[in-house]
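The values are calculated or read from the model by the stated rules, or taken from the named source; none is laboratory data. Not measured: the values here are computed from a predicted model. Here the Cβ positions follow ideal geometry from the backbone for every residue, glycine too, while neighbour counts run over all protein chains shown.
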Amino acid sequence: MEENLERYALISVYDKSGIVPFAYGLTEQGYSLLATGGSAKLLRKEGLDVLEVSEFTEEPELFQGRLKTLSPKIFGGILYNRDQEEDRKEAINAQMPPIDIVVVNFYPFVEEAVQKNLSLEEAIEFIDIGGPSLLRAAAKNWKHTIPVCSPSDYKEILLAIETNSLTDTLRQKLAAKTFRTVLEYDEAISSYFDQHLLVSDAPKKISLSYGENPGQEAFLLQTKNKEEPITHLYGKELSYNNILDLDSGIQLIKDFGEEPACAILKHTNPCGLAWGEKKLCELFEQAFSSDPVSAFGGIIITNREVDALTAKKVNESFFEGILAPSFSSEALDILKTKKNRRLLTINFEKVALLSQSKSTVLGTLHQSKYPELVKPSFWEHKAGPKLSNEDEAQLHKALLAVKHLKSNAIALTKENKAIGLAAGHVSRVDACAHAILKAKSFDHSLEGSFIASDAFFPFRDCVDMAAESRVKAICQPGGSIRDDESIEACNELGVSLYFCGQRYFKH
């Protein structure tokens, strides 16, 4: 058999917006179209020549269409290495023509199962199996197969194909986006199962003294029959606001993994943060120096044992509580001299971050757990000098900090600590100005510092402020139609600019 040079694009989309012009464009570039049921029907209706997957695989769809794309011929065409002669020969002998583009989006699990509060038995019918598998395969073989998981990418991909500018950078970007999309989809499903487990575990109702303010009744629904990750060692019972601060702080510290870290939380926002291979006493002092005024009355959270030296330093100011994996006996004796302080231990490994719910006047909002922190290896270097690995790590911590601040948020870091944190601003420019002002007001040097934003910079104003303060590098999501303005400003001013590709809005 001669090598089949026909190029295929596989289309299987629930959200069909923009798919017809995209499919037309692909055929004009020489691609043959493979499609599943509803997608094939639509494309044929629009006059396109389409081969149904069942015709291509010569295998019937089974179980009312639930099994159609999970075929060796499909996955072989996506996965084989076009650069390896042995793979090419195997594909030819097995009659597996190359599938060079995979266009897939998923059944709307959140919209259909979560928002409609379906039972578990009903919800599982909206769990997409073939779609995520196809996209993961394409993303794994990104050098040869283009994964397309969002209609928003159709225009850019088609233009790249038409102009012969389909670079490895674009392919990697699409692969990274695909893996994030699959992860978020799986997390939504996992969280839904978690919620049903919580319901079946008959939660225990614990009354709280009051809510956010006196006069507001409050209680905590605590799941039974699960090993508790937190132990209350000393002090008054936790208040509503304490619990909110602890929740925010735990999520923040978990992002550090095994790296030593210390944070001070106030009104669910970090106002002090430090990390690195140092004694906890030093980390606490650095975190406290971030903003010693705001730290007063806050909650300290760390992933290291609290020792006597740290306890003595903590006692020099007032803190509502301390959460740590453990306390030395000497530290406990010192800290218990303050009667109104809560002392708690935590096993971070037993803390599961679940989906999030919030009551509104329109009903209860549900969403999957907060996005993972994007690593520097997935960032795009957009302007200015390329950073060293050490500087990338500092900028990464600025992104970590801003992820856990209320929007609009800006985080400034330098030498393994936060030096300026601004949260909850309705203006991105005000947030940037406030973070810089905070840093200067406590005599932190901004020269060579690093700045991260939860929102993109559609104008150069924040870049100008950062450059004027001698900031070395900026990390922001990117994605504004006016990205070029901030890119040009960074090139002009010699500021390194990276796009992380992920927004971290928090309300």
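Of the residues making up the range 142-154, not a single one is out of contact with any Lys or Arg (no Cβ under 7 Å at 6 or more places or on another chain), charged (D, E, K, R), more than 14 Å from THR181 (Cβ to Cβ) and surrounded by fewer than 20 Cβ atoms within 10 Å (Cβ to Cβ). Scanning the range 1-56 for residues that are part of a loop (DSSP other than H, G, I, E, B), touching a residue at least 24 places away in the same chain (Cβ under 8 Å) and of a type in the set (A, V, I, L, M) yields MET1, VAL13, LEU48.
All conditions in (1) outside any loop (DSSP other than H, G, I, E, B); (2) more than 18 Å from the chain's Cα centre (by Cα); (3) among the polar types (S, T, N, Q) hold for SER377, with the sole exception of (2).
Here LEU159 does not qualify as surrounded by 20 or more Cβ atoms within 10 Å (Cβ to Cβ), assigned to a helix (DSSP H, G or I) and modelled with pLDDT of 90 or more. Inside the range 128-141, residues that are outside any helix (DSSP H, G or I) and crowded, with 17+ Cβ neighbours inside 10 Å make up a count of 2.
Summed over the range 78-104, the residues that are exposed (fewer than 13 other Cβ atoms within 10 Å of the Cβ) and part of a helix (DSSP H, G or I) give a count of 4. Residues in the range 445-488 that are among the small types (Gly, Ala, Ser) and surrounded by fewer than 23 Cβ atoms within 10 Å (Cβ to Cβ) were compared, and the one that is nearest to ALA418 (Cα to Cα) is SER445.
Kindly indicate the residue of the range 356-374 that is assigned to a strand (DSSP E or B) and small (Gly, Ala, Ser) and also farthest from ALA398 (Cα to Cα) among those meeting that condition. Within the range 356-374, the match that is farthest from ALA398 (Cα to Cα) is GLY363. Only one entry of GLU415, GLU320, GLU349, GLU372 meets the criterion of being among the acidic types (Asp, Glu) and modelled with pLDDT of 95 or more, and that entry is GLU415.
Considering (1) assigned to a helix (DSSP H, G or I); (2) closer than 26 Å to GLY38 by Cα, the lone condition that PRO147 does not fulfil carries the number (1). Restricting attention to the range 380-390, the residues that are surrounded by fewer than 17 Cβ atoms within 10 Å (Cβ to Cβ) and in a loop (DSSP other than H, G, I, E, B) total 3.
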